[in-house]
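The values are calculated or read from the model by the stated rules, or taken from the named source; none is laboratory data. Only a predicted model underlies this, so the values are computations on that prediction, with no experimental measurement involved. Cβ sites come from the backbone with ideal geometry, for glycine too, and all protein chains shown count toward neighbours. The accessibility values were calculated without ligands, DNA or RNA, using every heavy atom of the protein model including side chains. Shrake-Rupley method; radii C 1.70, N 1.55, O 1.52, S 1.80 Å.
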Amino acid sequence: MHARKDSLPASILASIRSRKKRLDAAHMEARPRSAGTLIASYNVHKCVGTDRRFDPERTSRVIHEIGADVIALQEADTRFGERTGILDLGRLERETGLIPVPVEGMAKAHGWHGNVVLFKKGLVHDVHQVKLPGLEPRGALVVEIELEEGGALRIIAAHFGLLRHSRAQQARTLVELINDRHEMPTILLGDLNEWRLGDRSSLNTFQSAFGELPPAVPSFPAGLPLLALDRIIANRKGIISEVEAHDTPLARIASDHLPIKALVDLKPVAG
């Protein structure tokens, strides 16, 4: 009988051990910023924190704290009825420089099925709103951006469903989309809602388009992250740095998910 790789207990133990080291280190806000484009993903949980308090201002402070150049948000709109945005995007732009990628047909919502992509600098060439299959209404935003530092990048911001069968369908849908447009460096990021690792993971479908998936980084629950529900993966080797959680006192209370982030460098695929 062979031991299964990437067992959940092992990942939980590693998360607990590594978290103490992170918390004993200098605060993440004080770290010097490395060169490159900082991308991030954050499920803001409709601005309801682990203290059950609705506080969009606190959510905005976490986004400000991250300092991302491009960030994908999930659950940034109300879920039922007429979807309505719950962040003050105008204030966020004034304070961080982040502006939302436009979506069509959503008069009051910030994004598409709660997905919002915000960016600071660059030129947006194309935006597609993809309806994902499954029992729950889910979607993905596909955004092509010309980065200020040079190079074109496709961002796929997604929020997968709670059912494993639906997640597998949703992954196949995005793989088909990527295979049709494989020429551009592509980064998939978002809350993919998959806690299983190894052979049981519905995310294994992505290996045909992205290759071997990077190590999972626990981001949920925010108070003691044990499960890697949030992911950042790229279809080119070497264009993203090691993914890490943005683990700060404010982030641990503002949502039930921690943000995750990584640096993008397109030089390895230049030319």
Response to the item:
So for R0 = 30 Å, FRET eff. of ASP88-LYS131 from the Cβ-Cβ r, to 0.05, ends up at 0.60
Item to complete: Would you mind pulling out the separation of the Cα centroids of region 50-78 and region 166-242, in Å?
Response: 22
Worksheet item: Based on the Cβ-Cβ distance from ALA152 to ARG61, what FRET efficiency comes out when R0 is 30 Å, to the nearest 0.05?
Response: 0.40
Worksheet item: Running Debye on region 192-271 with equal point scatterers at the Cα sites and no solvent, what base-10 log of I(q)/I(0) appears at q = 0.21 Å⁻¹?
Response: -0.97
Response to the item:
Log entry: pair-distance distribution for region 128-271, C-alpha pairs binned every 5 Å from zero, whole % per bin is 2, 10, 19, 22, 21, 16, 9, 3, 0
Worksheet item: Which whole number in µm²/s is D for region 115-204 by Stokes-Einstein, with the Kirkwood Rh taken over Cα pairs at 20 °C and 1.002 mPa s?
Response: 155
Worksheet entry | Those residues of region 103-144 whose amide nitrogen sits under 18 Å from the label point placed on LEU163, 7 Å along Cα→Cβ | 131-140
Response to the item:
Between HIS159 and residues 5 or more places away or on another chain, the pairs with built amide H atoms under 5 Å apart involve GLY139
Item to complete: Please give the net charge around ARG231, taking every other residue with its beta carbon less than 11 angstrom from that of ARG231, where Lys and Arg add +1 and Asp and Glu add -1.
Response: -3
Worksheet entry | Karplus 3J(HN,Hα) series, Hz, for region 85-94 with 6.51 cos²θ - 1.76 cosθ + 1.60 (x for Gly, Pro) | x, 10, 10, 8, 5, x, 5, 4, 5, 4
Practice prompt. Treat region 36-264 as a sphere of radius equal to its Kirkwood radius over Cα pairs and apply Stokes-Einstein at 37 °C in a medium of 0.692 mPa s; give the translational diffusion coefficient in µm²/s, rounded to a whole number.
Written response: 190
Item to complete: Describe numerically, in nm with one decimal, the distance between label points set 7 Å from Cα along Cα→Cβ at LEU123 and at ARG172.
Response: 3.9
Discussion item. Taking all protein chains in place and a 1.4 Å probe, what share, in percent, of the accessible surface of region 55-149 do carbon and sulfur account for?
Written reply: 51
